[in-house]
Amino acid sequence: MSVPERNSGSEEKEEESEDESEIVEESPCGRWQKRKEQVSQGNVPGVESASLAMDTEEGVEVVWNEVLFQDKKVFKTVEDKMKEMFENLMQVDHPNIVKFHKYWLDIRDNHARVVFITEYMSSGSLKQFLKKTKKNHKTMNVKAWKRWCTQILSALSYLHSCDPPIIHGNLTCDTIFIQHNGLIKIGSVWHRLFVNVFPEGGVHGKLHQHRDDKRNLHFFSPEYGSCEDDYAIDIFSFGICALEMAVLEIQANGDSVVSKEAISNAGQSLEDPLMREFTQMCVRHNPRLRPTAHDLLFHRVLFEVHSLKLLAAHCLINNQYMLPENCVEEKTKSYDPNGVMAEIILKDHPRVQLKYSHVSPLELDKFLEDVKNGIYPLMNFASARPHPVPRALSMSQEQVETVKTPTPEPQEAETRKVVQMHCNLESNEETTKTHLTLFLKLDDKLHRQLSCDIMPNDSSRDLVNELIHHSFISEEDGDKIVAFLEDALNRHRGSASAITTI
């Protein structure tokens, strides 16, 4: 009997790595490929397993989550509720919230399950970052603390202002993630939704595992679980997170659970009286006395007048679909480095000139990228009315196939108003077709982009009627868009391309 030779350590690691990256399952559409490697992205109720997966379209890693049901009959009783919940979650879109990409239901003879795909946070949790910072005997930078608080509150304000409001219910330093560029993202925003929809005892995974973790019990408000969900439970949890970010860790003093006294001592240890007041407001025992996320953004410790640079950056990002991709680079190239872009006239002092050479194009690009990613949110211009959970702007072919039914279901009519239109027309030299790209800016500040090929005999009215039929635009805007497109097509005749804005 021969004994096989043992592989070296490096070879074993390579084999283990190859084994973990092996594809074990594929989504019905083929886009998502599940691997063997298990990951942890914060406690998610009911999730039996979470594996690393690959998004073959975007070329990025994602998380493949599975909820297994013990009984198909139980699955059927909550199927409609689950679909509604997951459809809403797919429309939640905020730069500081972990993205929910896709879901599908899998019912077979031997099991019933829900699979959903979420964004993968590779840089680790806030808890891990704070531990490393403390281990290196460093203290928290106040500017970073303010920036993180602003990003978390921006996400909470968005969730709480949805219609209906979304309550997180499991906000801890383990469910907040930090990227390498300083971007904060909240994970597990579907926590309370899962607890409320999935039946107790009906799924394999634990529904209340977050309460089983004693080290995180101090993140939950006194009234948690004993009354109806309210934004106040998230504010209490945020207050504990803000406190831990400031002191790096709230000492349990040998106990298994962090006590109220330990929380109070940590708050009193803050040297800045505004930071101390800020955290104490969040952890008030009476939930009615806790401020909203929007109110906290205007607290003196966080509030600041936005710079003109930041306002301009947000304006540029919000309207980038109207600008060429490399507009910053092209603009900076055309300016004379010694040219004066602004001048400050001071009495009894020399004039101060600001030249284009003082601005680094690379730094400007980096700043715009950070603004686009959500690191510097605009919080002083909040909408006065609550906004509904955004609807999908368009449906992929995969989505269209999954929603087909024997009898057509009535579609919800579009009610939002178009406040700005922009179209681009390009002729194809080889054919008589013209490619139309239509950008629509709606009154809720969401953008819609529609594109199609049109033939010489196609009418603007037929095109617009098709858009109305599919609820892409409202009937009231139909005539306005028809006139706009006809004007654009008239201008386009005789030229290779045309760009029109109104």
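The table below lists the values:
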| quantity | calculated |
| --- | --- |
| Alpha-carbon centroids, the stretch 274-319 and the stretch 121-144: separation in whole Å | 22 |
| Stretch gain in nm, segment Glu343-Asp479, where the contour uses 0.36 nm per residue and the Cα spacing is subtracted | 44.2 nm |
| Protection-proxy order for peptides 239-252, 125-138, each taking the mean of Cβ atoms within 10 Å per residue, highest first | 239-252, 125-138 |
| Cβ-derived FRET efficiency at R0 35 Å, Val419 paired with Lys331, nearest 0.05 | 0.85 |
| Cβ-Cβ FRET estimate between Asp106 and Thr77, R0 fixed at 22 Å, reported to 0.05 | 0.80 |
| Under 18 Å from the Cα of Lys333 - lysines, other chains or at least 8 residues apart | Lys355, Lys366 |
| Net length gained if the chain between Cys227 and Asp93 were fully extended (0.36 nm per residue, minus Cα distance) | 45.4 nm |
| Candidate lysines - alpha carbon under 28 Å from Lys433, same-chain residues fewer than 8 apart omitted | Lys441, Lys480 |
| Size of electric dipole in the stretch 243-343: Cβ of Lys, Arg +1 and of Asp, Glu -1, about Cα centre, debye, nearest 20 | 440 |
| Solvent-accessible area, 1.4 Å probe, carbon plus sulfur percent, for the stretch 24-139 | 43 |
| Estimated FRET transfer efficiency (His137, Gln251; beta-carbon r; R0 22 Å; 0.05) | 0.90 |
| Long-range amide H partners of His101 with built H, under 5 Å | Ile117, Thr118, Glu119 |
| Prolate/oblate/rounded call for the stretch 277-329, Cα gyration tensor, a/c under 1.5 rounded | prolate |
| Gyration tensor verdict on the stretch 99-161 (Cα atoms; rounded if a/c is under 1.5, prolate if a/b is larger than b/c, oblate otherwise) | oblate |
| Packing-based order for 183-189, 327-333, 313-319, 98-104, using average beta carbon neighbours within 10 Å, highest first | 183-189, 98-104, 313-319, 327-333 |
| Cross-link reach list, lysines versus Lys83, counting only Cα pairs under 20 Å and skipping chain neighbours closer than eight places | Lys72, Lys73, Lys99, Lys102, Lys404 |
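The values are calculated or read from the model by the stated rules, or taken from the named source; none is laboratory data. Everything numeric here is computed off the predicted structure, so don't read it as measured data. Cβ coordinates were reconstructed from backbone atoms using ideal geometry, including for glycine residues, and neighbour counts include every protein chain displayed. These accessible areas exclude ligands, DNA and RNA; they are computed on the full protein's heavy atoms, side chains included. Shrake-Rupley method; radii C 1.70, N 1.55, O 1.52, S 1.80 Å.
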